[in-house]
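The values are calculated or read from the model by the stated rules, or taken from the named source; none is laboratory data. All figures in this text were calculated on a predicted structure; none of them were measured in a lab. With ideal geometry, Cβ positions are generated from the backbone for all residues, glycine too; neighbour counts draw on all protein chains shown.
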Amino acid sequence: MQTKILHGGLAGILAGFMVGAGPLSPAMAQERLNWPSRIVDSHRVGDVSPVVTGIALRPGTNEAVVVGDDHIVHLIDITSGRLIQTLPGHEDWVRTIAFSPNGTTLLTAGSDRRILKWDLEEKRWGIFATENASIEAIAFSPDGSLVAAVGFDSTVRIFEVATGRKVASLKCPSGDLRAIAFSPDGQRLAAGGRAGQLFVWEKASPQWKSISQAAIHQQRIQGIHFIQADQIVSISEDRTIYRTDLGSATGSELVATMPGKLYSLAVLSQTLIACGGSHNRIHLIDIQGKKTIGYLEGHQGTISSLAYADGKLISGSYDGETRVWQAQDGITVAVDTHRSLPAPSASFDLPALGVPSANERAASRPEPSPPLLPIRSIR
C-alpha cells in the first residue's frame, strides 16, 4: 500500500518529466525533481562524518541503521534525527546490513569477515558467522528463514537464520561478488560481481540449481533486485541499468546509460527504481518505459547506499551524509539540519570481540548457537 501511495504521488512529476523512450544518455537526465531532503546525521563524531556504505530501514518503524568506515552500527530515528543506539562489535569497515522482514533481527557484515546478529527485541547480539573473505552484501529471504551472503571471493553462502548453520555454498566463476537478492517467492537467488555476469539459482530442495549465467554488464555489478519472480534489474560500474527476463528468449535489455558509475539501487515499485553513484545524484527511472523521471541533488560525494520502505527513500554517501527524501511537486528544498542536532551523549558498552583466528575465518560458527551477548541501551 505504501508503495502505491508514493508512486501515485508521482503522477504529476511523471507527466512533467518523462522524456522519449529508449536508453537514457546523460543529456536526457537533466530534470531536477522538486523533492525536499532532510539530513539525518546523528552519527557524526565532532566535525567528522564517517563514510556511509550501508543503510537499512527497519520495517514498520521510523528507524534506520547506518553503517560505514567507523566500524560502528548506528540506529537512528529518521524523523527527529536522534541517535537511538550505537552498536560496536565490528573490527573493520561495515559494508552491508539487512533487517529481517519482521524487523526484529538485524544482520551486519563487512571487512572483518564477520556477520553479526543483533536481536533488537531481546537486546542481545552475537557472531552469526565468520568467513574467509570480506562480506560485501547480505539479503534475507522473504520469509526470514534464510540469509545469503557474498563478498571478496567466488562463493555464495546461504545460512539458516534461526541456527546460523550454513546450508549451501554456491560457486561462481566470477570473484569479488557485490550483489545478492532473493526473488519475492524465495524460490530464486541472484548474485553479481566483478565480471559483470548475473548468476541465478532456483531452489530444488534441499539444493539450489543453477538456471542462468549470463554476461550482462561490462564491469562489476553493484546492485540487483527481483522486480518479479522472473524479472531482475541490475546496475553496474559500467554506468548501465539492465532488466533481465528469465522467462523470455530475449534475455536482458538495456534500460538506461547513466552519467556516472552506479553503486546503489532501491526499488520503489515494479516499474520505478532509484539509483545513485559517482555522479553524486539519485536518478529515478521508469524501467518498463525506459524513461527518466529526473534526479535528486544534494549529496557532495558518491552515493553508496539507497533504501526504500514504507514510503521513505533514504540515501547515504561518501560525503558522510544520510538524507531522507520526500516526493512532492513544490520547490526543491534541502534543509541542512545536522549542525543543530545534539551530539550523542553515550553509546553501548558492549564486550569487545577478539580478532578472529584463521580457523574461525575458515568456517561458520558451529551449531548450536552460543548465547547472545546483552545489548545495553542508551535510552
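Things to note:
- Only residues that are of a type in the set (A, V, I, L, M, F, W, C), over 19 Å from residue 264 (Cβ atoms) and in contact (Cβ under 8 Å) with a residue 24 or more places away in the chain were counted in the range 196-221, giving 6.
- Given (1) out of contact with any His (no Cβ under 7 Å at 6 or more places or on another chain); (2) at pLDDT 65 or above, index of the condition residue 66 fails: (1)
- Candidate set from the range 105-164 (those that are crowded, with 22+ Cβ neighbours inside 10 Å and aromatic (Phe, Trp, Tyr)); member that is farthest from residue 226 (Cα to Cα): 125
- Strands (runs of 3 or more DSSP E) (entirely within the range 221-294) containing at least 3 residues that are under 21 Å from residue 177 (Cα atoms): 221-228, 231-236, 240-245, 262-267, 272-277
- Residue pairs meeting the criteria (Cβ under 8 Å; at least 6 apart or on separate chains; first free of Cβ contacts under 8 Å to residues at least 60 places away in the same chain and over 11 Å from residue 113 (Cα atoms), in the range 126-154; second in a loop (DSSP other than H, G, I, E, B) and of a type in the set (Val, Ile, Thr)): 140/161; 144/161; 145/161; 146/161; 147/161
- Residue match in the range 321-334 (condition: under 22 Å from residue 120 (Cβ atoms), of a type outside the set (Phe, Trp, Tyr) and either part of a loop (DSSP other than H, G, I, E, B) or at pLDDT 90 or above (or both)): yes
- Counting the residues of the range 303-320 that are part of a loop (DSSP other than H, G, I, E, B) and either of a type in the set (Phe, Trp, Tyr) or closer than 18 Å to residue 137 by Cα (or both) gives 1.
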